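This report refers to the structure that appears directly beneath it.
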Amino acid sequence: MELVYSLVEIIVKNIVVVLVLMGFVAYTTLLERKLLGRLQVRFGPNRVGPFGLLQPLADGVKSFFKEDIIPEEADKTLYVIAPGICLFTALSMFAVVPFGGTITLLGREIKLVIADIDTGLLYLLALATLGEYGVVLGGWASGNKYGVLGALRAAAQMISYEVALGLAVIGTIILAGSLNLGDIVAAQQSGMWFIVKYPFGFIFYLVAGLAEINRTPFDMPESESELACGFNIEYSSMKFATFMIAEYAHMFTVAAIVTTLFLGGWSGPWLPGPVWFLIKVFAVIFFFIWERGTYPRLRYDHIMQFGWKVLLPLTLLNVVVTAALVAMGVI
Amino acid sequence: MAETKYMTINMGPQHPATHGVLRVVLELDGETIVKSTPHIGYLHRGIEKIMENRTYQQAQPLTDRLDYTSGMSNNLAYCLAVEKLLGIEIPKRAQYIRVMLSELQRIAAHLLWVSTHALDMGAMTVLFYGFRERESCLKVLETVSGARLMPDYIRFGGLREELPDGFIGMARELIDDLPRRIDEYETLLTENVIWKRRLKGVCPLSAEDAIGYGVTGPMLRASGVNYDVRKAYPYSSYEEFDFEIPLGTEGDIYDRYIVRLKEMRQSVRIVRQSIERLPDGPIKADAPEYVPPEKDEVARDMAALIRHFKIMAGGIRPPRGEAYASIESSKGELGFFIVSDGTEKPYRVKIRPPSLLNLGSISKMIQGSLVADVVAAIGSADIVLGEIDK
């Protein structure tokens, strides 16, 4: 009987989390457009529903009814799977992120995390790398030269930044002594947030994270003005929308990871855990939107240089220094 | 042995960063450009030929459609050429207003450039800031002519009509506001590390090359050559204004950006001077043969009515000869060469569009650079295809 209960629990948790997550992702697009509008002396969407609140819905319906085109040159199978890979990885990354403590429902203690696994961080890094395959394959399979260029850039960027991304989180592992995200949150609950103990790691993770989710100033694979949208140039209809959803889901997930690793996760006074979690996640998302409104795009080779010559040595040094400080008992 | 093959990629005519319908065929080795060939002509309307089949007045609206970001300047260049043919003297007031309007137009055009160039570089916000100010510039120009892009307000012999009431106040308000706005763009861009890395030392053009390709305007001055038609061959009383010619040193894209921003500040200065020193007097030359009378005069005076009818229906007949007049438009030296055979239609009109010659240097500039730089280089040349294809 216990097995059935836990199965039901897992299924219900999955469905609820995916639905809620998709809802937040949809409204993240609206938030981005509204905030960018504010930054750019315009209104942003305000026609569909009050304050444009139905805009994400309208966008979804619109892209659903668009003609779905598969170019003749395209490698059909890969072309169709690619957006799926992106969305799949972006969503499944969220599985290990704890978004609250435990609640008691129908006499059962329920942990507010889908998969409370001990290799959480490794799982995250692995999936993050996998996500780029969607971009690379999508660009390559569409049989368009701009798409190929976008895909190549995505591949190069992935290799340059995954390393730094991995190194940036090592400090948190040292501090928490665990790869489990729940334990990392617990370690911050008892002590200080890791952003205080390990500030440079936070900055490096944010930078590498921006590169990972392909946002300005690292939006190389897309780079609208150079490659005319890059990897998703040939995509239309729901496939394009899937890429878009994946992008925002990825952004949401990265913000959630930043929250968990550096900002104390769901912990906070007075308010319940999930509320704190959302507040922190949206603070990080606000930063992502804000910097998009401020910065120009870096050039491809500068990104490579920055990744290998600046970010990699600095993150390495950071790991060494943090390890030394922990060993000496300073932090 | 694997054979190395270059990828040929077609940039444009439908591409967000080619500023209209430019097509550049690039041969790429990875992302490095091996060879580039710009193709033009997608917007060819045969303006020069059409002008030869129109009377002098009818030909003028076509000039608005050359560089559609600076209609006033185009009108001015055309009118100067025709006035040279006619040999008429323009009253001081008209000259000052012409200067004022073409400088406002220059500001509007440069604002458009800053905005779109920043967008090409991925800095989306500057686009909206720039367009906000350009909008207020266009509003001021609109009160004068009733049109935002195709003013057709400067006519040979002077101006179409007197400035509307309240114009001076509007213009003053605008130029009082502008320097602060330009500071805003500078905050966002000038010292921005990413912006600098994207533009500094990218696609430089040496002074020799620039002169060799016939490059003019801010691009030439960014390469350190002090040539500005306003100073070198002053027209429309530019010699009476106090302003500087900003120069660059490296000739790279960053210098072009700096030069254009400084030029906007200088233009603000010129507009302010022309407002302060605006003389009173007529706005049309005293040349009854060529210049139509005022509208209210036509309604009252029989002779004026006949004169109006003669000029409008029959056109004007400049004496046999040829004339070349050039101005410093926002893009560079814009020249009109007109040959008259004594009839009411020009025998030949040749336009020297600055964008066309500036575009010529693109291939040289982007040789060996990256795809991302092509966008930056095309942007920095500030081309308008309406002027290139004519």
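The values are calculated or read from the model by the stated rules, or taken from the named source; none is laboratory data. Bear in mind that the values here come from a model prediction, so they are computed numbers and not experimental data. Quick reminder, even Gly has a Cβ in these numbers, built from the backbone with ideal geometry, and neighbours come from all protein chains shown. What goes into the accessible areas is simple: the full protein's heavy atoms, side chains included, and nothing from ligands, DNA or RNA. Shrake-Rupley method; radii C 1.70, N 1.55, O 1.52, S 1.80 Å.
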Residue by residue through segment B:29-55, note down the ones that are surrounded by 19 or more Cβ atoms within 10 Å (Cβ to Cβ) and in a strand (DSSP E or B).
B:Ile33, B:Ser36, B:Pro38
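Quick one: in segment B:133-144, which of the residues that are within 14 Å of chain A (Cβ to nearest Cβ) and without any contact (Cβ under 8 Å) to a residue 40 or more places away in the chain is surrounded by the fewest Cβ atoms within 10 Å (Cβ to Cβ)?
From segment B:133-144, those within 14 Å of chain A (Cβ to nearest Cβ) are B:133-136; that's our starting set.
Among the residues that remain, those that are also without any contact (Cβ under 8 Å) to a residue 40 or more places away in the chain are: B:134-135.
Working: B:Arg134: 20, B:Glu135: 12.
Looking at the filtered set, the residue picked out is B:Glu135.
Out of B:Gly30, B:Gly71, I need the residue that is farther than 30 Å from A:Ile233 by Cβ and of a type in the set (Gly, Ala, Ser). Which one? Lay out the reasoning, then the answer.
Details: B:Gly30 fails: farther than 30 Å from A:Ile233 by Cβ.
Of the residues listed, the single one that is farther than 30 Å from A:Ile233 by Cβ and of a type in the set (Gly, Ala, Ser) is B:Gly71.
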Restricting attention to segment A:45-74, which residues are modelled with pLDDT under 85 and in contact with a Pro (Cβ under 7 Å, 6 or more places away or on another chain)?
A:Gly52
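Go through segment B:248-277 residue by residue and tally those that are more than 19 Å from B:Glu173 (Cβ to Cβ) and touching a residue at least 60 places away in the same chain (Cβ under 8 Å).
Just the residues of segment B:248-277 that are more than 19 Å from B:Glu173 (Cβ to Cβ), to begin with: B:248-263, B:266.
Okay, now just the ones that are also touching a residue at least 60 places away in the same chain (Cβ under 8 Å), so B:253, B:256-258, B:260-261, B:263.
Final tally of qualifying residues: 7.
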Quick check on this structure: which one of B:Gln95, B:Gln105 is part of a helix (DSSP H, G or I), touching a residue at least 24 places away in the same chain (Cβ under 8 Å), away from chain A (no Cβ under 14 Å) and closer than 19 Å to B:Leu261 by Cβ?
B:Gln105
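Give the residue, chosen from A:Trp308, A:Trp266, A:Trp276, A:Trp290, that is more than 14 Å from chain B (Cβ to nearest Cβ) and surrounded by fewer than 16 Cβ atoms within 10 Å (Cβ to Cβ).
A:Trp308
Give A:Pro83, A:Pro56, A:Pro45 a once-over and let me know the one that is of a type outside the set (A, V, I, L, M) and not in a helix (DSSP H, G or I). Give the derivation first.
Details: A:Pro83 fails: not in a helix (DSSP H, G or I); A:Pro56 fails: not in a helix (DSSP H, G or I).
Criteria check complete, one pass: A:Pro45.
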Is there a residue in segment B:255-269 that is closer than 25 Å to B:Ala325 by Cβ, open to solvent by 60 Å² or more (accessible area, probe 1.4 Å) and part of a loop (DSSP other than H, G, I, E, B)?
no
Please give the number of the condition A:Gly182 fails out of (1) at pLDDT below 80; (2) touching a strand residue (DSSP E or B) at 6+ places or on another chain (Cβ under 8 Å).
(1)
Would you check if B:Ser115 is farther than 23 Å from B:Ser236 by Cβ, more than 10 Å from chain A (Cβ to nearest Cβ) and either surrounded by fewer than 24 Cβ atoms within 10 Å (Cβ to Cβ) or more than 19 Å from the chain's Cα centre (by Cα) (or both)?
yes
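Quick grid of which residues meet (1) open to solvent by less than 40 Å² (accessible area, probe 1.4 Å); (2) part of a helix (DSSP H, G or I); (3) at positive phi; (4) without any contact (Cβ under 8 Å) to a residue 12 or more places away in the chain:
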residue	(1), (2), (3), (4)
B:Gln14	no, no, no, yes
B:Gln57	no, yes, no, no
B:Leu62	yes, yes, no, no
B:Ala77	yes, yes, no, no
B:Leu80	yes, yes, no, no
